[in-house]
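Chemist: Got a structure for you, questions after.
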Amino acid sequence: MTSHKPKILLIYTGGTIGMVKDFETGALKSFDFNELLSKIPELHLLDCQIETYSFDIPIDSSNMNISNWQKMAKVIEENYSNFDGFVVLHGSDTMSYSASALSFMLNGLRKPVILTGSQLPIGMIRTDARENLITAVEFATLKMKDEPVLQEVAIYFEDMLYRGNRTKKFSTEAFDAFISPNYPKLAKAGVNLNFDFNELFRCEREEFSVQDGFDNRIAVLTLFPGITEQLVTAVLTNENLRGVIIL
């Protein structure tokens, strides 16, 4: 029995990867998503079917919020049964936050959801966008024994595939802008795509569902030498908060 070509949904939310330089002002501006795809004809050489979904208004990742996470999850939920994997194009500044949020929202996930982006716009000569996008899609297509190799939310950036909720952006300059301080990388892209199979997640839930309830009445209190009692008291007694995370 011949397996069908994997179907991948490419979800464009915004970010540097979808920007182009305005030659009059020198500033970056967003451009049509279909034009972005035309700049990477190599995608058509991959052994998969690619369909696209674009946010009506591209989001600067610094403006990412709960409603945007809910929209991403909703798009994945509505298309879950029709696709074998999902690649989300996202701004790098808040990519770790979105990957972490999605990892907890997508219950029973048994398909790849890979976030990627770039440090340079796709129209620039030295851009990292092309390699990041092509390889993220390729990771999303991989199967073993007719099941996706990756069955969780991940971030792919500059040769490395990381667990989404264990990542941190550490550089605005380097192409390898992300690290995973407390969990091994899931895979490395070289001549071959090499997984660390011992680190891959497998969900025990039978059915896929989305849990999209959030409450932003939460504060993060970072303890440091010299912190005052007044500061701690002000946070803990704030009537507008429902919870405090102490670091």
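Chemist: Report the gain in length on full extension from A219 to D60: 0.36 nm times residue separation, minus Cα-Cα distance, nm rounded to one decimal.
Modeler: Once the chain is fully extended between A219 and D60, it gains 54.9 nm.
Chemist: By per-residue mean of other Cβ atoms within 10 Å, what is the highest-first order of 75-81, 234-240, 207-213?
Modeler: On the way: 75-81: 15.7, 234-240: 9.7, 207-213: 12.7.
With the highest mean Cβ count within 10 Å placed first, the list reads 75-81, 207-213, 234-240.
Chemist: For the pair N79 and F175, what calculated FRET efficiency results from E = 1/(1 + (r/R0)^6), where r is the Cβ-Cβ distance and R0 = 35 Å, to the nearest 0.05?
Modeler: Computed FRET efficiency for F175 and N79 comes out at 0.70.
Chemist: With every protein chain present, what is the per residue accessible area of segment 133-245 (1.4 Å probe, Å²)?
Modeler: Averaged over the residues of segment 133-245, the accessible area is 63 Å².
Chemist: At 222 nm, what helix-only mean residue ellipticity would the chain give, in deg cm²/dmol to the nearest 500, using -39500 (n - 2.57) for each DSSP H run of four or more? Please report the intermediate quantities before stating the final value.
Modeler: Details: 5 runs with 52 residues, N = 247.
Taking each H run of at least 4 residues, the total per residue is -6500 deg cm²/dmol.
Chemist: Quick query: amide H of A154 versus all other amide H atoms, modeled in the peptide plane; which residues come in under 5 Å with a sequence gap of 5 or more or a different chain?
Modeler: V113, I114, L115, G164
Chemist: Taking the Cα atoms only, what angle lies between the long axis of helix 66-79 and the longest principal axis of the chain, rounded to 10 degrees?
Modeler: With both axes taken from Cα atoms, the answer is about 30 degrees.
Chemist: With 20 Å as the limit, write out which pairs from K71/K168; K74/K111; K5/K188; K168/K188; K7/K188 have Cα-Cα distances beyond it, or answer none.
Modeler: Cα-Cα > 20 Å for K71/K168; K5/K188; K7/K188; rest within.
Chemist: Also: Determine the sum of side-chain charges near S67: Lys and Arg each +1, Asp and Glu each -1, restricted to other residues whose C-beta is under 11 angstrom from that of S67.
Modeler: +1
Chemist: Ranking request for peptides 156-169, 89-102: highest mean number of other beta-carbon atoms within 10 Å first, then the rest in descending order.
Modeler: 89-102, 156-169
Chemist: For a quick check: with amide H placed at 1.01 Å from N, whose amide H comes under 5 Å from T52's, ignoring anything fewer than 5 positions away on the same chain?
Modeler: When sequence neighbours closer than 5 places are left aside, the close amide H contacts are L10.
Chemist: Place a label point 7 angstrom from the Cα of S209 along the Cα-to-Cβ direction, then list the residues of segment 80-109 whose backbone nitrogen is under 14 Å away.
Modeler: Once the point is set 7 Å along Cα→Cβ of S209, 105-109 turn out to lie under 14 Å by backbone N, inside segment 80-109.
Chemist: Please give, to one decimal in nm, the separation of the simple spin-label points placed at K145 and T233, each 7 Å out from Cα toward the Cβ.
Modeler: That separation, rounded to one decimal, is 6.1 nm.
Chemist: Let me ask you something else. Measure off, as a whole percent, the carbon and sulfur share of the 1.4 Å-probe accessible area of segment 126-169, all protein chains present.
Modeler: 43 percent
Chemist: Additional query: Considering the values [x] 32; [y] 26; [z] 45, which represents percent of Cα pairs over 29 Å apart as calculated for the structure under consideration?
Modeler: Answer label, from the structure shown: [x].
The values are calculated or read from the model by the stated rules, or taken from the named source; none is laboratory data. Keep in mind that what you see is a predicted model, and the values were worked out from it rather than measured. Note that each Cβ is placed from the backbone with ideal geometry, even for glycine, and that neighbours are counted across all protein chains shown. What goes into the accessible areas is simple: the full protein's heavy atoms, side chains included, and nothing from ligands, DNA or RNA. Shrake-Rupley method; radii C 1.70, N 1.55, O 1.52, S 1.80 Å.
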